[in-house]
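Take a look at the structure below.
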Amino acid sequence: MCCVDRLSRHLNSGHGDSASTCPSGLDILAEHGPCSPAGDIALSCSNLMNPSMVSWRPRWAPILVVVALAAFAIVTVRSLREPVLRAAGWALVVSEPVASADIIVVSLGSGGAGALEAADLVQSGISKRVAVFMDPPSGEDHEFIRRGLPYEDAGARQIRQLRSLGVTDVVQISRVDGTEGEGQVLPRWCDEHQLRSIVLVATKDHSRRLRRVLDRVMKGHPTRVTVQPARYSTFDPDRWWETRGGVRTEIVELQKLLLDVVLHPTSF
């Protein structure tokens, strides 16, 4: 009798326990041979009825493998860890030679570090004039204005800081909102004032992406722009991974830089 028929007859019968009435794989193999289709079915049946022959793997085995590989990688490349992290930090920073310019422009996001760097550039003779972007008031700023209280935006604060540092020739550029806003306003402003060269001060972590933006927006304009990272920026490309703020800055700015590269792969 065919193994399938025998299995069906025994499993469908209502007499006794199915496990005890089901023919063993050895019985069917003896009748049909191990190489026959019935023999294959018999082996499957025998394995199913015998839990000790079922292949068993712990669910946590893949996790252990991943942990082991990660630990091995950390131990192996530990000597390369700091150079790699340092290179990632400096990937955000641009370094360009600074020469005499018509004016020094302070980016809005550079804050007090930008004001300090611009004042030092004035003292070193790069230029006597400094320009500052003005920023639009935010929600709470409008409330201060409505209540008649003193209001000082980031641009006004930089102007006050520059004057306290001895810079007397300070001009204002129209209100902007972020890096893209500075990139939209700066070319037209340079053309209107017939500027041949400017030094743009930015934070260290922002300087590389700003350089890419300027390369795009200033194309076709006669003004030469040099980006100067502020030395007093809180971001340290050589030790950024040692502080939570440094890690946050590195991750955010690196994401923005990579996005800029993806959106503008031919930006020079």
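The values are calculated or read from the model by the stated rules, or taken from the named source; none is laboratory data. Computed from a predicted model, the values in this text were never measured in an experiment. Counting neighbours? That spans all protein chains shown, and the Cβs are built from the backbone with ideal geometry, glycine included. Note: areas computed on protein heavy atoms with side chains; ligands, DNA, RNA excluded. Shrake-Rupley method; radii C 1.70, N 1.55, O 1.52, S 1.80 Å.
Restricted to region 100-114, and to residues that are under 23 Å from the mean Cα position of the chain (by Cα) and crowded, with 23+ Cβ neighbours inside 10 Å, which residue is farthest from residue 177 (Cα to Cα)?
Here the residue is 110.
Identify all residues within region 222-246 that are without any contact (Cβ under 8 Å) to a residue 40 or more places away in the chain, more than 22 Å from the chain's Cα centre (by Cα) and surrounded by fewer than 15 Cβ atoms within 10 Å (Cβ to Cβ); write none if there are none.
222
In region 115-156, which residues are touching a residue at least 12 places away in the same chain (Cβ under 8 Å), open to solvent by 60 Å² or more (accessible area, probe 1.4 Å) and over 31 Å from the mean Cα position of the chain (by Cα)?
The answer is 123, 128, 129, 151.
Would you say residue 187 is free of Cβ contacts under 8 Å to residues at least 60 places away in the same chain and over 17 Å from residue 108 (Cα atoms)?
Numbers: free of Cβ contacts under 8 Å to residues at least 60 places away in the same chain: yes; over 17 Å from residue 108 (Cα atoms): no.
The answer is no for residue 187.
Looking only at residues that are farther than 22 Å from residue 264 by Cα and not hydrophobic (A, V, I, L, M, F, W, C) in region 181-202, which one is surrounded by the most Cβ atoms within 10 Å (Cβ to Cβ)? Break it down into steps so the answer makes sense when it comes.
Start the filter on region 181-202 by keeping residues that are farther than 22 Å from residue 264 by Cα, which leaves 189-199, 201.
The next check asks that each one be not hydrophobic (A, V, I, L, M, F, W, C); those that pass are 191-194, 196-197.
Details: 191: 12, 192: 8, 193: 14, 194: 9, 196: 11, 197: 16.
Going through the qualifying residues, I end up with 197.
Taking region 121-156, which residues are part of a helix (DSSP H, G or I) and among the aromatic types (Phe, Trp, Tyr)?
First pass over region 121-156, keeping only residues part of a helix (DSSP H, G or I): 121-123, 139-146, 154-156.
144, the sole residue that qualifies.
Looking only at residues in region 57-99 that are over 27 Å from the mean Cα position of the chain (by Cα) and at pLDDT 90 or above, which one is surrounded by the most Cβ atoms within 10 Å (Cβ to Cβ)?
So in region 57-99, the residues over 27 Å from the mean Cα position of the chain (by Cα) come out as 57-62, 64-65, 97-99.
Those left that are additionally at pLDDT 90 or above: 97-99.
On the way: 97: 6, 98: 15, 99: 10.
Result: 98.
Of everything in region 247-268 that's charged (D, E, K, R) and surrounded by fewer than 17 Cβ atoms within 10 Å (Cβ to Cβ), which residue is farthest from residue 188 (Cα to Cα)?
Quick first cut of region 247-268, residues charged (D, E, K, R) only: 248, 250, 253, 256, 260.
Retained after the next criterion (residues that are surrounded by fewer than 17 Cβ atoms within 10 Å (Cβ to Cβ)): 248, 256.
On the way: 248: 34, 256: 25 Å.
Among them, the one singled out is 248.
For region 157-175, which residues satisfy the criterion of being open to solvent by 30 Å² or more (accessible area, probe 1.4 Å) and aliphatic (A, V, I, L, M)?
If the condition is that a residue be open to solvent by 30 Å² or more (accessible area, probe 1.4 Å) and aliphatic (A, V, I, L, M), then 165, 171 are the ones that fit.
Check whether at least one residue in region 177-191 is touching a Ser or Thr at 6+ places or on another chain (Cβ under 7 Å) and polar (S, T, N, Q), and report yes or no. If you could, list the steps in order and put the result at the bottom.
Narrowing region 177-191 to residues touching a Ser or Thr at 6+ places or on another chain (Cβ under 7 Å): 182, 185, 190.
Of the ones still in play, those that are also polar (S, T, N, Q) are none.
No: zero hits.
Output the residues belonging to region 205-215 that are open to solvent by less than 60 Å² (accessible area, probe 1.4 Å) and either in contact with a Ser or Thr (Cβ under 8 Å, 6 or more places away or on another chain) or among the basic types (Lys, Arg) (or both).
Restricting attention to region 205-215, the residues satisfying the condition of being open to solvent by less than 60 Å² (accessible area, probe 1.4 Å) are 205-207, 209-215.
If the condition is that a residue be open to solvent by less than 60 Å² (accessible area, probe 1.4 Å) and either in contact with a Ser or Thr (Cβ under 8 Å, 6 or more places away or on another chain) or among the basic types (Lys, Arg) (or both), then 205, 206, 209, 210, 211, 212, 213, 215 are the ones that fit.
Based on this model, can you work out whether residue 178 counts as among the small types (Gly, Ala, Ser), open to solvent by 30 Å² or more (accessible area, probe 1.4 Å) and either in contact (Cβ under 8 Å) with a residue 40 or more places away in the chain or at positive phi (or both)?
On the way: among the small types (Gly, Ala, Ser): yes; open to solvent by 30 Å² or more (accessible area, probe 1.4 Å): yes; either in contact (Cβ under 8 Å) with a residue 40 or more places away in the chain or at positive phi (or both): yes.
When the stated conditions are applied, residue 178 passes them.
Restricting attention to region 189-243, report how many residues are over 19 Å from residue 127 (Cβ atoms) and not in a loop (DSSP other than H, G, I, E, B).
Selection size over region 189-243: 14.
Would you confirm whether or not region 200-211 contains a residue that is touching a residue at least 60 places away in the same chain (Cβ under 8 Å) and among the hydroxyl-bearing types (Ser, Thr, Tyr)? Spell out how you get there, then give the answer.
Of all residues in region 200-211, those touching a residue at least 60 places away in the same chain (Cβ under 8 Å) come to 200-211.
In the following step, the residues that additionally are among the hydroxyl-bearing types (Ser, Thr, Tyr) were identified as 203, 207.
Yes - at least one qualifying residue is present in region 200-211.
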